[in-house]
Amino acid sequence: MTHDLTRWSAARLADALGRREISAVEVTQAHLDRTAAVDGAVHSYLHVDTRGALEQAKAVDDARTSGAELHVMAGVPVAVKDVVATQGLPTTCGSRILAGWVPPYDATLVSKLRAAGMPILGKTNMDEFAMGSSTEHSAFGPSRNPWDLDRIPGGSGGGSSSVLASFQAPLAVGTDTGGSIRQPAAVTGTVGTKPTYGGVSRYGLVALASSLDQAGPCGRTVLDTAMLHAVIGGYDPRDSTSIHAPVPAVVRAAQSADVTGLRVGVVRQLTGEGYQPGVQARFDEAVALLVDAGAEVVEVDCPNFAYALAAYYLILPSEASSNLARFDAMRYGLRVLPEGIDDPSAEQVMAATREAGFGAEVKRRIILGTYALSSGYYDAYYGQAQKVRRLIADDFTRAFEAADVLVSPTAPTTAFRIGEKLDDPMAMYLNDVATIPANLAGIPGMSLPSGLADEDGLPTGFQILAPATHDDRLYAVGSALERQLVSRWGGRLLERIPELVPAGGSDDQHAGATMGMAR
Amino acid sequence: MPSLSRDDVAHLAMLARIELTDAELDRMLGELSVILDAVAVVQQAPTEGIEPMSHPLPLVNVTRPDEVRPGLTAAQALSGAPEADQQRFSVPRILTDD
């Protein structure tokens, strides 16, 4: 067993902290040191909160010394995606229009992390306003995949996936609107869950598409991910779409790993053609391992999934064009005055600010959404997409009559090279083909590592989907598969990741990452 | 389906309050046309008699008790403002001179 605390699972850290074998300050400092050494190469963080994280850790240690009853996760550090509001810490959504913005309040999920005594290490990079599958659309530069620094770590939550795969944090919070937790997990050999819509409060999340957005947990193991899920989940009166029910028993499900007699449905439309051979091969093996663990396999048809990507790229831009209207240069964020106009009007200032503050992908989607919602085209585009959404939800309902969970590869390919798809928006959108249906229907989904593709040696992801509010099934199945795979591999997949070469290890590597962000 | 003109894109950008440059307009026209072609497949789906779905949860008018709770102070609310004056957001002119 290694003594390097950054390699430990969150569950092991929580256990050792509870026994007072290690201190929260020790654990937090180890991760901050790791960040100082490697984040210059990976660029997972937009902002590192050294002082705040250590203060929280010390408070936990002091409370433990005084004999106070603490949350099981107290002292286990966590990284948070930069789309989540953190009081006193910059929150930029990877956009110039919010550079330097410091929220005056915490998102509900952040309040829960603080209440549990989990030190927040920093804010992770993302595609601007969560629009993208690679982090290449971040205004502050892309994050890199720790398996191969020339490749993307997925997106939009590539900061939260790479922070785990580079051992800079044991846990991270992500958000998933069309796959932004699951696809990054798949391409970095990590785990991520999109809970049932309404399972984690959206209060304090900067909205992309309100009917699709869902925050969720990211970890290196299924159990760790469940433990974070239990912390951030639950009813919140401040979010009118929050589910009024207890968090499903996700930790117990992860510990049980029981799939005896469970019907696992392979979605015919999400396999085969269009999937990289190595991705498909690892998927097929994983399904066979679930059978070994006691599950039954059935094939299910979801014929309307053929329209899911198209419906998503109408519904998302439509909602985004409305949500992003709030960036109007009046109350917060950037304000740019148009050149060559004396005494410009508010509308001229808005237009100049949005031109300067938004990146190309954000402008593209806002204008696409404006088109889809405009009179004359509404019925043919947005209206039609909403009907397709119903067809997809109905496909799921039928599929869940034949199966208890559904499975597919998470993404059609392994991580592609940085720059490879940047000039072809449709090629980028195709990354989300297997993850999008769950967001449209509001059901929970998880991705966990299924191995490395033979052709490129890069991680492949296995996706599990469950009916709404049955998030616990994801963890039972995920845990069962993880046990089979780890025993087959003789260790965890991430133990095989190439060693990152620490680049000096001083604080000024973060000068670039935090540039333009006020404290 | 109708093809998009450069003037259409300029009009949409105006509606969305984004002052695109000429180069951006040209690029956007090409990209939007490709994307619109791809998403138009929703029109081929068998949606006869299907009820549109706007949201995963069938919720209507969620309310909570009307209780007084602490909110942001004026200073907190103004803390991110590009410009503030007399405890208010200060904005460019909203009316024309004439």
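Assorted remarks:
- Crossing angle, helix B:22-39 versus chain B [Cα axis fit, 0-90 degrees, rounded to tens]: 60
- The calculated FRET efficiency for residue A:284 paired with residue A:306, based on their beta-carbon distance and R0 = 22 Å, is about 0.50.
- Shielding by partners - mean other protein chain Cβ count within 10 Å, residues of A:359-367: 4
- Projected area averaged over orientations for the stretch B:19-59, convex hull of C-alpha atoms, nm²: 5.2
- Once both labels are positioned 7 Å from their Cα atoms along Cα-to-Cβ, the gap between residue A:397 and residue A:487 label points is 4.0 nm.
- Relative packing of peptides A:455-461, A:80-86 - highest average C-beta neighbours within 10 Å first: A:80-86, A:455-461
- For chain A, the mean residue ellipticity at 222 nm estimated from helices alone is -11500 deg cm²/dmol, where every DSSP H run of n ≥ 4 contributes -39500 (n - 2.57) and the total is divided by all residues, rounded to the nearest 500.
- Shielding score for A:310-320, defined as the mean number of other chain Cβ atoms within 10 Å: 3
- Whole-Hz ³J(HN,Hα) from phi, Karplus 6.51 cos²θ - 1.76 cosθ + 1.60, for the stretch B:86-91, glycine and proline x: 6, 6, 9, 5, 9, 10
- Pairs exceeding a 20 Å alpha-carbon distance, out of A:112/A:194; A:194/A:421; A:194/A:387; A:363/A:421: A:194/A:421; A:194/A:387.
- A:140, B:89, ranked by accessible area, largest first (probe 1.4 Å): B:89, A:140
- For the peptides A:307-313, A:466-472, A:482-488, A:428-434, the ranking by packing is A:307-313, A:428-434, A:466-472, A:482-488, with the highest mean count of neighbouring Cβ atoms within 10 Å listed first.
- Here the label points at residue A:417 and residue A:501, each 7 Å from Cα along the C-beta direction, are separated by 2.0 nm in the simple model.
- Solvent exposure, largest accessible area first (probe 1.4 Å, DNA, RNA and ligands not counted), of B:94, B:18: B:94, B:18
- Mean sequence separation of contacting Cα pairs (under 8 Å, at least six apart), scaled by the length of chain A, corresponds to a relative contact order of 19 percent.
- Only aspartates and glutamates eight or more places from residue A:81 in sequence, or on another chain, were considered; those with a Cα closer than 18 Å are A:39, A:49, A:106, A:127, A:128, A:136, A:176, A:213, A:224.
- Using 0.36 nm per residue and subtracting the Cα-Cα separation, the extra length available between residue B:67 and residue B:79 on full extension is 1.7 nm.
- Percent of beta bridges antiparallel (DSSP, chain A, rounded to nearest 5): 65
- Shown here is the pair-distance distribution of the stretch A:124-240: with all Cα-Cα distances grouped in 5 Å bins from zero up to the longest one, the shares run 2, 15, 24, 24, 19, 11, 4, 1, 0 percent.
- Estimated inter-spin distance, residue B:90 and residue A:70, nm [label 7 Å along Cα→Cβ]: 4.7
- Sulfur and carbon atoms: percent of accessible area, chain A [1.4 Å]: 51
- Mean per-residue shielding of peptide B:56-66 is 4, counting Cβ atoms of other chains within 10 Å of each Cβ.
- Percent of Cα-Cα distances greater than 17 Å, calculated over the stretch B:1-44: 34
- Relative contact order computed over chain B (Cα-Cα under 8 Å; 6+ residues apart), in percent: 14
- Entry note, the stretch A:145-294: relative contact order of 17 percent, from Cα contacts under 8 Å with a spacing of 6+ residues.
- Under the shape rule built on the C-alpha gyration tensor, where the axes satisfy a ≥ b ≥ c, the protein assembly as shown is oblate, since a/c reaches at least 1.5 while a/b does not exceed b/c.
- With 0.36 nm allotted per residue and the present C-alpha distance subtracted, the residue A:341-residue A:3 stretch has 115.4 nm of extension available.
The values are calculated or read from the model by the stated rules, or taken from the named source; none is laboratory data. Keep in mind that what you see is a predicted model, and the values were worked out from it rather than measured. Cβ: placed from backbone, ideal geometry, glycine included. Neighbour counts: every protein chain shown. Surface areas here come from the heavy atoms of the whole protein model, side chains and all, with no ligands, DNA or RNA. Shrake-Rupley method; radii C 1.70, N 1.55, O 1.52, S 1.80 Å.
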